[in-house]
Amino acid sequence: MQLPDPLLLLVEGFEKLRVEYMITGSVAAMIYGEPRFTNDMDVVARISRGDARRFAQVFPSTDFDVPPEETIVTEAARPRYGHFNVIHVESTFRADVYLAGDDPLNREAFLLRRRMKSGGTEFWVAPPEYVILHKLKYFREAGGDRHPRDIRAMLIVSGATIDQRLIEAKARALGLEAEWGAVLATPGSAS
């Protein structure tokens, strides 16, 4: 899959930062499933105080809107739910950066993340099982059909490389069995 130019600019920045990161959310769902419109990319990252200092260098203010270093440090220090945005000014394409914190699911996903390539740019993507589990959580919280549709597309396109037994076990542990069952019960789902 060829990533759009603004997305590649953001990915190249994370590569230059040399931090542990992985793309997740809708962009990862498109990589493993079917393309759809999005104006943002979700990134889970491990960021230290020193990394926060380098953001302004890697993402210059002439091209990107980046929060102040202090904001990044504060968000990175949160044990869970730290978050900030990096916005490509010209396109308004945005990276929603979620800090890994002490979340066990993030820890496991970093061990299984996958190296991918678009054009000449290599980048890290969360494993599909992790993407699906998070989409199941968002489906439980917000409802709608976007997350189940993304999951079904991932199962159809990349089903052979997705460990559904792992998803089932994690869904059970996270209380997401009903959501997982609803996705699998929909006609057209690969199971």
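The values are calculated or read from the model by the stated rules, or taken from the named source; none is laboratory data. Quantities reported herein were computed from a predicted structural model and do not represent experimental measurements. Virtual Cβ from ideal backbone geometry, glycine too; neighbours counted across all protein chains shown.
Taken over the range 70-88, residues that are charged (D, E, K, R) and surrounded by 14 or more Cβ atoms within 10 Å (Cβ to Cβ) amount to 1. Restricting attention to the range 117-136 and to residues that are surrounded by fewer than 17 Cβ atoms within 10 Å (Cβ to Cβ) and of a type outside the set (Val, Ile, Thr), the residue that is farthest from Glu177 (Cα to Cα) turns out to be Gly120. Among the residues of the range 147-166, the ones that are β-branched (Val, Ile, Thr) and over 17 Å from the mean Cα position of the chain (by Cα) come to 3 in all.
Condition first: of a type outside the set (Lys, Arg), touching a residue at least 40 places away in the same chain (Cβ under 8 Å) and part of a loop (DSSP other than H, G, I, E, B). Now tell me which residues in the range 1-40 satisfy that. Matches in the range 1-40: Met1, Gln2, Leu3, Pro4, Gly33, Glu34, Asn39.
Output the residue which, of all residues in the range 1-55 that are more than 25 Å from Leu155 (Cα to Cα) and among the small types (Gly, Ala, Ser), is modelled with the highest pLDDT. This residue is Ala45.
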